[in-house]
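Right, one structure below, let's go through it.
Computed from the coordinates by the stated procedures, all read-outs in this text should not be read as laboratory data. Computed from a prediction, not measured in an experiment: that's the story for all the values here. Cβ sites come from the backbone with ideal geometry, for glycine too, and all protein chains shown count toward neighbours.
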Amino acid sequence: MSDTPLAKELSVLDQILARKRAELIADKTLHPEAELLQRKQPKRRGFRRALEAKAPAIIAEVKRASPSEGQIRDSFDPMLIARQYEEAGAACLSVLTDKQFFGGTIDDLVSARAAVSLPVLRKDFTLEGYHLLQAAVHGADCVLLIVAALGDTQLADLLHQAAELGLDALVEVHDEGELDRAVAVGAELIGVNNRNLKTLEVSLDTSVKLAKRLPAGTLAVSESGIRTADDIARLRDVGYRGFLVGTSLMKQDEPGKALAKLLGRG
């Protein structure tokens with residue numbers, strides 16, 4: 001990230017979104033929407049359905065880096081990591097495809113999905129329908145919609161467009177206001193991110209606090225800061241069914257073994 005006065009004034013999310021908008025222009029020039037519409041789309045594997053089928057349901061993340069941690073690992077083979085996760089008992093995968101801040105590419109998603117039978121979340125900053133179409137043609141089964149990055153009309157439209165493409169949408173919130181907005185547009189697969197986007201600090205108390213406000217019928221996913229079986233047990237007790245775990249696994253030499261241990265299988 002640039003160390004200019006402007007960069008210091010902007011939150012991490014603001015910086016990411018500014019970069020994403022610039023990338024969007026370049027992507028549309030290189031691969032126009034009309035071209036993407038001509039591509040065959042893989043059959044969806046059912047992301048939400050896979051979460052409902054396991055308890056606890058772990059969404060195991062594949063990523064090289066993050067704004068809070070920097071480079072997480074040098075040895076990075078998306079196919080190998082995906083296979084390890086599947087063998088260890090993951091319900092789904094999450095693959096970072098943002099390049100500038102997370103070191104990912106859309107090819108990481110393609111590779112990881114090709115190696116397993118698990119449904120895959122494209123973890124990125126979705127801003128327009130183009131991003132949904134891009135995810136769909138590259139094999140995503142689910143997309144991330146971050147409430148903090150979208151207006152209400154955008155959020156509602158993207159949720160509808162995702163459904164038309166057969167994509168599940170994990171709608172991510174960070175506080176009560178964002179949760180209310182997600183519920184208002186009809187989101188039923190809601191992720192609570194325990195990371196404060198302004199300070200990058202993480203607390204599982206965020207998930208615990210928001211659990212009381214989740215409507216009946218919501219499939220709730222807790223994201224970030226989950227490191228132990230006790231963390232999962234605590235979150236299950238307040239109603240969470242899905243658990244997105246990334247950094248704590250990716251820091252290990254063998255992420256699959258770390259996941260097996262987390263699930264009590266190691």
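Neighbour counts of other C-beta atoms within 10 Å: give me THR126, THR105 arranged from fewest to most.
THR105, THR126
Kindly write out, for region 97-105 in residue order, the coupling ³J(HN,Hα) from the Karplus curve 6.51 cos²θ - 1.76 cosθ + 1.60 (θ = phi - 60°), rounded to whole Hz, with x marking Gly and Pro.
Along region 97-105, the couplings run 10, 6, 7, 4, 9, 10, x, x, 9 Hz.
Could you tell me which of ALA184, VAL221, SER248 has its Cα farthest along the dipole of region 175-266 towards the positive end, charges placed at Cβ (Lys, Arg +1; Asp, Glu -1), taken about the Cα centre?
Going by the Cα projections, it comes out as SER248.
Order these by the 10 Å Cβ neighbour count, fewest first: MET79, MET250.
Result, fewest neighbours first: MET79, MET250.
Dividing the alpha-carbon Rg of region 32-112 by 2.2 N^0.38 Å yields what?
Dividing the Cα radius of gyration by 2.2 N^0.38 Å gives 1.24.
So which of LYS198/LYS261; LYS212/LYS257; LYS20/LYS212; LYS43/LYS261; LYS20/LYS251; LYS20/LYS54 end up more than 30 Å apart, counting from Cα to Cα?
LYS198/LYS261; LYS212/LYS257; LYS20/LYS212; LYS43/LYS261; LYS20/LYS54
Along the Cα→Cβ direction, 7 angstrom out, place labels at ALA216 and LEU200. What is the inter-label distance in nm?
Going from the ALA216 label point to the LEU200 one covers 4.2 nm.
Quick one: net charge of ALA184's neighbours, Cβ under 13 Å, K/R +1, D/E -1?
Residues near ALA184 contribute -3 overall.
What does the extension gain come out to for ARG234 and LEU13, with contour length at 0.36 nm per residue minus their alpha carbon separation?
That works out to 76.7 nm of additional length.
Which order results if LYS123, LYS20, LYS198, LYS28 are arranged by neighbouring Cβ count within 10 Å, fewest first?
With the fewest neighbours first, LYS123, LYS20, LYS198, LYS28 line up as LYS198, LYS28, LYS20, LYS123.
Give me the distance between the Cα centres of region 124-166 and region 206-242, rounded to whole Å.
Using only Cα atoms, the two centres lie 23 Å from each other.
Evaluate the distance, in nm, between pseudo-label points positioned 7 Å from the Cα of ARG227 and of GLN38 along their respective Cα→Cβ axes.
Between ARG227 and GLN38, the simple spin-label model gives 5.1 nm.
Among LEU80, VAL12, PRO42, flag the residue with its Cα farthest along the positive direction of the charge dipole of region 6-88, charges on Cβ as +1 for Lys/Arg and -1 for Asp/Glu.
PRO42
Compute a Gaussian network model of the chain, connecting alpha carbons closer than 10 Å, and tell me which residue from LEU155, LEU214, LEU51 fluctuates the most.
Largest GNM mean-square fluctuation: LEU214.
Calculate the dipole size of the chain relative to its Cα centre from +1 charges on Lys and Arg beta carbons and -1 charges on Asp and Glu beta carbons; express the result in debye to the nearest 20.
In debye, rounded to 20, the chain gives about 680.
Would you mind getting the Kirkwood hydrodynamic radius of region 78-130 from its Cα pairs, rounded to one decimal in Å?
It works out to 11.4 Å.
When the label point is put 7 Å from the Cα of ARG83 along its Cα-to-beta-carbon vector, which residues of region 236-266 have a backbone N closer than 16 Å?
254-257
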